[in-house]
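Q: Right, I'll just put the structure down here and ask away after.
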Amino acid sequence: MIVVQIPEEQRARIWKYLGRHSLANRGHFDGSRKDQYIGLLGEYAVRQYLGIDVEEYRSKEGFDNGIDIITNNGMTIDVKTISSRSKIKRHHQVNIAATQKSYDVHMYVFCHHNTKNNETTICGWRSKKIFFEDAIFMPKGEKKVLDNGSVLTYRAASYDLKISQLHDIEELHKIINQ
């Protein structure tokens, strides 16, 4: 996992951008301005690490069919970012909403943004095909006990995968820069 410190200036630019633009247009689970901000922080971190134009988000408006990044060799990436006030651990899980399974992307990159210390961690990546082969389906309403003893109730059907099952982001960097 790679921790990326996003400069305050960049965080402010993203927040200001979202004050004038909305990335929401799916019709369900569009996310608030704060949710979209967390998503763009993850996207920025991935772009920065992979050496792809970090300002590309500025051309976005509305729904992008799940495609956050298109690499020079044409691979499409959907960056999924979650946030919490705690440090991410390898036994934690990432997920994809079942409604997003049909999006035409090649791979997913998963990030975590720690709101307490403003660190964004690139947790790893997985091809779409392999993700859904290995993930566990969690129906809407399913309950899961978290590390801190709280109970998570799934608001939508989802597919979960442990972070330890993800590939290192360094591998993706090599693949797209061949």
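The values are calculated or read from the model by the stated rules, or taken from the named source; none is laboratory data. Note that the coordinates shown come from a computational prediction; the quantities given were computed from them, not determined experimentally. Neighbour counts are summed over all protein chains in view; Cβ atoms, including those assigned to glycine, are modelled from backbone coordinates with ideal geometry. We work out accessible area using only protein heavy atoms, side chains counted, and drop any ligands, DNA or RNA first. Shrake-Rupley method; radii C 1.70, N 1.55, O 1.52, S 1.80 Å.
Q: Rounded to the nearest 10 Å², what accessible area does Asp147 have for a 1.4 Å probe in the complete protein model?
A: Its heavy atoms expose roughly 100 Å² to the probe.
Q: Is there a quick way to get the dipole size of the chain? I mean about its Cα centre, with the Cβ of Lys and Arg at +1 and of Asp and Glu at -1; what is the value in debye to the nearest 20?
A: Values: 26 positive and 22 negative charges, 127 e Å.
Dipole about the Cα centre, nearest 20: 620 debye.
Q: How much of the DSSP beta bridge set in the chain is antiparallel, as a percent to the nearest 5?
A: Working: 26 of 34 bridges.
Restricted to the chain, the bridges split so that about 75 percent are antiparallel.
Q: Okay, moving on. For the chain, what's the relative contact order in percent, using C-alpha pairs closer than 8 Å and at least 6 residues apart? Before the final figure, lay out each step's value.
A: Details: 301 pairs, mean separation 40.8, N = 178.
RCO, the chain: 23 percent.
Q: While we're on this one: Calculate for the chain the 222 nm mean residue ellipticity that helices alone would give, adding -39,500 (n - 2.57) per DSSP H run of length 4 or more and normalising by residue count, nearest 500 deg cm²/dmol. Walk me through the intermediate numbers first.
A: Details: 4 runs with 46 residues, N = 178.
Rounded to the nearest 500, it is -8000 deg cm²/dmol.
Q: Right, next: Of the listed pairs Lys16/Lys101; Lys89/Lys143; Lys80/Lys128; Lys101/Lys162; Lys116/Lys174, which have alpha-carbon separations greater than 24 Å here? Mind showing how you got there, number by number?
A: Numbers: Lys16/Lys101 31 Å; Lys89/Lys143 20 Å; Lys80/Lys128 12 Å; Lys101/Lys162 18 Å; Lys116/Lys174 32 Å.
Listed pairs above 24 Å: Lys16/Lys101; Lys116/Lys174.
Q: Can you list the HN-Hα couplings for segment 38-46, worked out from phi with the Karplus curve (6.51, -1.76, 1.60; θ = phi - 60°), rounded to whole Hz and with x for Gly and Pro?
A: Whole-Hz 3J(HN,Hα) from phi for segment 38-46: 4, x, 6, 5, x, 4, 4, 4, 5.
Q: Rounded to the nearest whole Å², what accessible area per residue is found for segment 131-178 with the 1.4 Å probe? Could the numbers behind the result be given before it?
A: Values: 3050 Å² over 48 residues.
Accessible area per residue, segment 131-178: 63 Å².
Q: Only bridges whose two residues both fall in segment 67-151 count here: according to DSSP, what percent of them are antiparallel, nearest 5? Provide the component values of the computation, followed by the final result.
A: On the way: 11 of 19 bridges.
Counting DSSP beta bridges with both partners in segment 67-151, the antiparallel share is about 60 percent.
Q: Sorting Arg90, Arg126, Arg13, Arg20 by accessible area (1.4 Å probe), largest first, what list results? Before the final figure, lay out the partial values.
A: On the way: Arg90 115, Arg126 15, Arg13 75, Arg20 150 Å².
Listed by decreasing accessible area, they come as Arg20, Arg90, Arg13, Arg126.
Q: Still on this structure, I have one more. Under 1.5 on a/c is rounded, so check that first for segment 97-168, then, if it is not, pick prolate when a/b is larger than b/c and oblate when it is not; a ≥ b ≥ c are the square roots of the alpha carbon gyration tensor eigenvalues.
A: Numbers: a/c = 1.81, a/b = 1.07, b/c = 1.70.
Cα axes put segment 97-168 in the oblate bin.
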